[in-house]
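This report concerns only the one structure given below.
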Amino acid sequence: MRPMLAVAAAVPLVALTAPAPGAPPAPKPDRRWEERFLGLPRPDNVREAVRRLSARPHHVGSAYGRENAEWILARFREWSWDVAVDPTSGQKAEQLPTYNAYSTDGDVTGPLVYVNYGLPEDYDELDRLGVSVKGAVVLARYGHSWRGIKPKVAAEHGAVGCLIYSDPRDDGYFEDDVFPAGPMRPKDGVQRGSVMDFPSSNPGDPLTPGVGATKDAKRLARKDAPSMTRIPVQPISYGDAQPLLAALGGRGAPDGWRGALPVTYRVGPGPAKVHLKLAFNWDIKPVNDVVARIPGSEWPDEWVVRGNHHDAWVNGAEDPVSAMAAMLEEARALGVLLREGWRPKRTIVYCAWDGEEPMLLGSTEWAEAHAEELQQKAVAYLNTDSNSRGYLGMSGSHTLEHLVNEVAREVEDPEAKVPVWKRAEAHALADASSEEDRKAIRGRADLRIHALGSGSDYTAFIDHLGVASLNLGYDGEDEGGIYHSIYDDFYWYTHFSDTDFVYGPALAQTVGLAVLRLADAELLPFEFGGLADTVKRYTDELKKLLQKKQEEISERNREIDDGVYQATSDPRRPTLAPPREEVPPHLNFAPLENALVALQRSADRYGKARAAADARAIPPDVLSRVNALLIRSERVLLSPEGLPRRPWYRHLLYAPGTYAGYGAKTMPGAREAIELKRYSEADGEIARIARALQDEASLVDSAATQLEKP
Ligand SMILES: [Zn+2]
């Protein structure tokens, strides 16, 4: 394999880093070290790491998981990092049979009901068909939401058990050939996965909410743990789901509910009855996080934290090893730089997390155990978790939006041979559905990054501690039906994914360059124009959401009053009218709009001050004061009381949705007050977000004032 040195030479670095109009100029890093770094990640190393780490099953608590942690530790040592194993306790269930982690034990029998994806709107549809799931075992298909929402909503509607299967319409032969002939899920493939109700309470060890699960930590009794499911849940294959579906009678399933199995989809209830008996191993096992660091030479108490998990459901060549191997290439390359004389100005901390799959155990418990220190010292957290071929996906804190765009302009796509930024922009344009969207993309200097929901190890950093975070990875070109199954292995990866291992080095270059910029920049590369612009967008979305709800509910109530539902119900297959609902009240967005104006003004002022300050050396005392403010800029967006009914989640701009799981809800307090019909909370939540944004505007103003001083 050719080293990537050629790439650095082929990319016209100067032209590509020229700031787009309106954006503040890039920080001035030491280009020598950056160029040396970019030339180091190599495909053959990534290939060997993926082969080694995925050679045997390495679920949390397994022998090979421990061996992998030790192997990773030895690599950091070999590459001149300071290392210490930092074990924290995590709970784990028995791994080898297919199972859903943090399902409760249970022995239940009931008639079977098919509930489509098992989301709240599916139960509204069942109500209209006159079908109840009280006392039933529901069969839901995977997809359209995070899996843990399915048993949660089923329990809320009185079901006693829940089966989840992968329908071939969504994940199987409908898409492409099945494994091993193709990349898709075969008949007996089962998606494992956690069903912990973390969106409503907290991720991490269910017995130690809010504190590190150290040896002596105070633990809840299992029955009192709020994140455990209420009913037993079991994942099954479509091979096993087919006879269950075929044994259902009752009403035909609505159009959108039908999958790709050769049966007539019906909803039941019954006549088939299901007996579901689940008993789990509730032993407490250690999890093995590997934490390695390079001390900073100038500001050792400012930390740039980088992480990826190393545990898998089974062999996990894609999830998580493909990205773990890229992180190891970064670590090796930084080790090379270290031996050639480079010292980072800030401390760099690399973390290989254990126990991510059961629900972010290693990262959450480490972050909780070191909460105070991290809140003081962490500059940013950079996460990856799986990598394949295609486009750079960028999510995270909008204070880092400009930084990640700058980095993407400098890394070359290993197959298309253009900057990965250019490809991401092309992808966004090709995907845009309207002229207006295309105009918005072309009219903005930076590509928008997505908000973080949950589903990987950044969760505790951003949502609980307010550490500005990024989640990065390449994908979008290959199909796959091996997620969380025994087929996610080296064979699958080397036949159907990044078979040349060239996107591994590309990911190492992307994240490593962001780490270098954060660790070595004199003035931290935070920027607030993108944040202000995004806050405006979220505010507009909230207003539109409210208006749409008002119109929809008014119209539906009118149709109920006018008898439209009775008149259109087929007397032979009757459907019931939906219930009348309260029309959402008007809300007061003024505080949010005023805060937005303040934030836009201070973001603009800071951008100008930073551009002017770049031209001269900033006095060291000013620099440290401004950097301290920049590090706090994400903390200010936290509320100490947390979100309503889930105080562990404290960020007022981003959270996983209570009924979306991994999916992000932005301005979650206000948005969910509208979506979940808690209208009396909405004005208070809007005001709370507005206060945090006013505080952010003041902080950004103070930073600008410091830089403007002659
Ligand atoms: Zn993963």
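The values are calculated or read from the model by the stated rules, or taken from the named source; none is laboratory data. All of these numbers come straight from a predicted model, not from anything done at the bench. Neighbour counts are summed over all protein chains in view; Cβ atoms, including those assigned to glycine, are modelled from backbone coordinates with ideal geometry. SASA here: full protein model, heavy atoms, side chains in, ligands and nucleic acids out. Shrake-Rupley method; radii C 1.70, N 1.55, O 1.52, S 1.80 Å.
Brief remarks follow.
- Residue satisfying all of: in the stretch 218-232; touching a residue at least 60 places away in the same chain (Cβ under 8 Å) and not β-branched (Val, Ile, Thr); surrounded by the fewest Cβ atoms within 10 Å (Cβ to Cβ) among these: Arg222
- Members of the stretch 532-564 that are touching a Leu at 6+ places or on another chain (Cβ under 7 Å) and within 30 Å of Arg605 (Cβ to Cβ): Ala532, Val535, Lys536, Thr539
This table checks each residue for (1) more than 18 Å from Ser80 (Cα to Cα); (2) not in a loop (DSSP other than H, G, I, E, B).
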| residue | (1), (2) |
| --- | --- |
| Arg306 | no, yes |
| Ala312 | yes, no |
| Glu318 | yes, yes |
| Glu329 | no, yes |
| Leu334 | no, yes |
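- Residue selected from the stretch 537-549 under the condition in contact with an Asp or Glu (Cβ under 9 Å, 6 or more places away or on another chain) and surrounded by fewer than 18 Cβ atoms within 10 Å (Cβ to Cβ), by the criterion nearest to Leu403 (Cα to Cα): Leu545
- Any hit, the stretch 12-29, residues being at pLDDT 90 or above and either open to solvent by 40 Å² or more (accessible area, probe 1.4 Å) or under 30 Å from Glu368 (Cα atoms) (or both): no
- Looking across Ala598, Ala617, Ala613, one residue alone is of a type outside the set (Ser, Thr, Tyr) and modelled with pLDDT of 95 or more. It is Ala598.
- Restricting Leu400, Leu392 to residues that are open to solvent by 10 Å² or more (accessible area, probe 1.4 Å), closer than 25 Å to Ala460 by Cα and within 22 Å of the chain's Cα centre (by Cα) narrows the list to Leu392.
- All of Tyr649, Tyr606 fail the test of being of a type outside the set (Lys, Arg), touching a Leu at 6+ places or on another chain (Cβ under 8 Å), touching a residue at least 40 places away in the same chain (Cβ under 8 Å) and assigned to a loop (DSSP other than H, G, I, E, B), apart from Tyr649.
- Of all residues making up the stretch 550-569, the number that are surrounded by 11 or more Cβ atoms within 10 Å (Cβ to Cβ) and assigned to a loop (DSSP other than H, G, I, E, B): 1
- Test result for Ser624, touching a helix residue (DSSP H, G or I) at 6+ places or on another chain (Cβ under 7 Å) and assigned to a helix (DSSP H, G or I): no
- Residue match in the stretch 509-522 (condition: out of contact with any Lys or Arg (no Cβ under 6 Å at 6 or more places or on another chain), open to solvent by 20 Å² or more (accessible area, probe 1.4 Å) and within 26 Å of Gly307 (Cα to Cα)): yes
- From the list Gly530, Gly455, Gly476, the lone residue that is of a type outside the set (Asp, Glu), on the phi > 0 side of the Ramachandran plot and either free of Cβ contacts under 8 Å to residues at least 12 places away in the same chain or touching a helix residue (DSSP H, G or I) at 6+ places or on another chain (Cβ under 8 Å) (or both) is Gly476.
- Leading residue by the ranking (nearest to Ile348 (Cα to Cα)) among those in the stretch 362-387 that are open to solvent by 10 Å² or more (accessible area, probe 1.4 Å) and within 16 Å of the ligand (Cβ to nearest atom): Asp385
- Test result for Val411, modelled with pLDDT of 95 or more, open to solvent by less than 10 Å² (accessible area, probe 1.4 Å) and more than 16 Å from the ligand (Cβ to nearest atom): yes
- One residue from Ala416, Ala428 being closer than 27 Å to Ala49 by Cβ and either at pLDDT 95 or above or of a type outside the set (Lys, Arg) (or both): Ala416
- All of Arg610, Arg572, Arg645, Arg632 fail the test of being surrounded by fewer than 20 Cβ atoms within 10 Å (Cβ to Cβ) and either among the hydroxyl-bearing types (Ser, Thr, Tyr) or in contact with a helix residue (DSSP H, G or I) (Cβ under 7 Å, 6 or more places away or on another chain) (or both), apart from Arg632.
- Odd one out for His427, checked against (1) in a helix (DSSP H, G or I); (2) in contact with a strand residue (DSSP E or B) (Cβ under 7 Å, 6 or more places away or on another chain); (3) under 16 Å from Gln509 (Cα atoms): (3)
- Some residue of the stretch 30-53 being assigned to a loop (DSSP other than H, G, I, E, B) and modelled with pLDDT under 90: yes
- Count of residues meeting criterion [more than 10 Å from the ligand (Cβ to nearest atom), charged (D, E, K, R) and either without any contact (Cβ under 8 Å) to a residue 40 or more places away in the chain or open to solvent by 10 Å² or more (accessible area, probe 1.4 Å) (or both)] in the stretch 305-361: 5
- Total residues in the stretch 122-177, condition closer than 25 Å to Pro203 by Cα, modelled with pLDDT of 95 or more and of a type in the set (Ser, Thr, Tyr): 3
- Considering residues of the stretch 233-271 that are hydrophobic (A, V, I, L, M, F, W, C) and not in a loop (DSSP other than H, G, I, E, B) only, the residue most open to solvent (accessible area, probe 1.4 Å): Ala246
- Filtering the stretch 159-179 to residues that are open to solvent by 40 Å² or more (accessible area, probe 1.4 Å) and hydroxyl-bearing (Ser, Thr, Tyr) leaves only Tyr173.
- Among residues of the stretch 180-195, those that are open to solvent by 10 Å² or more (accessible area, probe 1.4 Å) and over 27 Å from the mean Cα position of the chain (by Cα), counted: 4
- Residues (in a loop (DSSP other than H, G, I, E, B) and open to solvent by less than 20 Å² (accessible area, probe 1.4 Å)) located in the stretch 456-483: Ser456, Asp457, Tyr458, Leu465, Gly466, Val467, Ala468, Gly481, Ile482
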